[in-house]
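Enquirer: Below is the structure I would like to discuss, written out as structure tokens.
The values are calculated or read from the model by the stated rules, or taken from the named source; none is laboratory data. From a predicted model like this one, the values you see are computed outputs, not experimental measurements. Reconstructed Cβ throughout: ideal geometry from the backbone, glycine too, with neighbour counts over all protein chains shown. Areas reflect the complete protein model, heavy atoms only, side chains present, ligands, DNA and RNA absent. Shrake-Rupley method; radii C 1.70, N 1.55, O 1.52, S 1.80 Å.
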Amino acid sequence: MQRTDRTAVLAARPRADFVQGPFVNNLTERAVAYIAAGYPVHLRGPSGSGKTTLALHVAHSLGRPVMLICGDDEFGSSDLVGGQKGYQRTKVIDNFVHSVLKTEEDVSERWVDNRLTVACREGLTLIYDEFNRSRPEANNILLSVLEERILVLPASRNGASYVKVHPNFVAIFTSNPEDYAGVHRTQDALRDRMVTIDIDYFDRETEIAITRSRAEASQEDAEKIVDLVRAYRATGASEFTVTVRSCIMIAKVLGLRGARTAADDPVFEEVCLDVLAAGAGNKSVADTVAIRRRQVVLDLLRQYCPADDGVVSLPRRA
Ligand SMILES: Nc1ncnc2c1ncn2[C@@H]1O[C@H](COP(=O)(O)OP(=O)(O)OP(=O)(O)O)[C@@H](O)[C@H]1O
Ligand SMILES: [Mg+2]
């Protein structure tokens, strides 16, 4: 008997605060066109460039239920296709002759389908997020799925040894560049079977729109925060690459704390230092890099969010 245990399928529903616009629409149209032509799509870009959100958006636009898998270094192919998980016991009680009780017990290994198998069989839209965090040998199982549209199952499975991939099955992959920590180099054969769309950081207008939408910030506040974060990113002084996530965080917390996007607002300064220059907020830390990072943020704050510019941001929320 094949079972599917605790396999969550996501309903296809677009999120209300999803931001469209030329930048996002161009990527969406390209992805949808490749999928319509029958090719798996691979969205590749740095952290925070919107890959997962875009993959979900494209998947939603296809209108089929979505199966989400997140790449993991610990994965083996059985984590994708399924495997023997425990035992099942069947008991037959024969009491046909009332004076004789006959019981028969049969214990057999129980096979459980995993997400890739369910997606292939049911024709779901598969999103394999950060697929190159899984080791290449775990992902080999995808080669025949994408080319011959056959999922080959291990011999240990009872019943059929392969699943014919449903015609509605579609695959969307995302990955971080190969120089990221914890990321494996993808085998050429797999890369060759998908169309790779390289995604860069959002342009300014899109970052502003996303910050407005996700943090319910005003246009002026979103512009200031985005310009500050983009300028900080360009300095290369940050410990890690700051993305639109930092813009959303700053804008959201400012809204909640009722602070102004002005360099003379101590709350704004504090939040910017926490989000952008973590580790440098503690003045007692005698770390020259951290002190420099802190100074860079403070200088940019004065430049992009000057004090007393007359913009009153409160109240932020309706
Ligand atoms: N079109 C959009 N509309 C609204 N919010 C968006 C949009 N695109 C991205 N975001 C937001 O931007 C942030 C980064 O997006 P996302 O998580 O998709 O990036 P990612 O490239 O998958 O990053 P990572 O590699 O770190 O997983 C998230 O908070 C996400 O909700
Ligand atoms: Mg992601």
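Enquirer: Of the residues that sit in region 165-177 and are out of contact with any helix residue (DSSP H, G or I) (no Cβ under 7 Å at 6 or more places or on another chain) and surrounded by fewer than 19 Cβ atoms within 10 Å (Cβ to Cβ), which one is nearest to Leu124 (Cα to Cα)?
Expert: Only one residue tops the list, namely Asn168.
Enquirer: For Tyr180, work out the one condition from (1) farther than 28 Å from Asp113 by Cβ; (2) within 12 Å of ligand 1 (Cβ to nearest atom); (3) modelled with pLDDT of 90 or more it doesn't fulfil.
Expert: Single failed check for Tyr180: (3).
Enquirer: So, one more: Filter region 17-42 down to the residues that are part of a helix (DSSP H, G or I) and aromatic (Phe, Trp, Tyr), then identify the one that is least open to solvent (accessible area, probe 1.4 Å).
Expert: This residue is Phe23.
Enquirer: When you look at Glu239, is it modelled with pLDDT of 95 or more and on the phi < 0 side of the Ramachandran plot, yes or no?
Expert: No.
For (1) buried (at least 16 other Cβ atoms within 10 Å of the Cβ); (2) charged (D, E, K, R); (3) away from ligand 1 (no atom under 13 Å from the Cβ), each residue gets a yes or a no:
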position: Val163; (1), (2), (3): yes, no, yes
position: Asp192; (1), (2), (3): no, yes, yes
position: Tyr201; (1), (2), (3): yes, no, no
position: Glu205; (1), (2), (3): no, yes, no
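Enquirer: Another one. For Ala209, work out the one condition from (1) open to solvent by 30 Å² or more (accessible area, probe 1.4 Å); (2) within 16 Å of ligand 1 (Cβ to nearest atom); (3) modelled with pLDDT under 95 it doesn't fulfil.
Expert: Every condition holds for Ala209 apart from (3).
Enquirer: Checking Val66 against (1) buried (at least 19 other Cβ atoms within 10 Å of the Cβ); (2) within 10 Å of ligand 1 (Cβ to nearest atom): exactly one of these is not met. Which one?
Expert: (2)
Enquirer: Shifting gears a bit: Being open to solvent by less than 60 Å² (accessible area, probe 1.4 Å), under 30 Å from Ile248 (Cβ atoms) and more than 16 Å from ligand 1 (Cβ to nearest atom) is the requirement here; does Val145 meet it?
Expert: No: the conditions fail for Val145.
Enquirer: Are there any helices (runs of 4 or more DSSP H) wholly within region 185-289 with 3 or more residues that are more than 22 Å from the chain's Cα centre (by Cα), and if so which?
Expert: Result: 219-235, 244-257, 266-276.
Enquirer: Quick check on my filter: what residues within region 110-131 are in a helix (DSSP H, G or I) and within 16 Å of ligand 2 (Cβ to nearest atom)?
Expert: Passing the criteria: only Phe131.
Enquirer: Within region 49-57, can one find any residue that is assigned to a helix (DSSP H, G or I), free of Cβ contacts under 8 Å to residues at least 24 places away in the same chain and within 13 Å of ligand 1 (Cβ to nearest atom)?
Expert: no
Enquirer: Based on what the data block shows, is Ala277 surrounded by 13 or more Cβ atoms within 10 Å (Cβ to Cβ) and either at pLDDT 80 or above or closer than 18 Å to Tyr232 by Cβ (or both)?
Expert: In short, yes.
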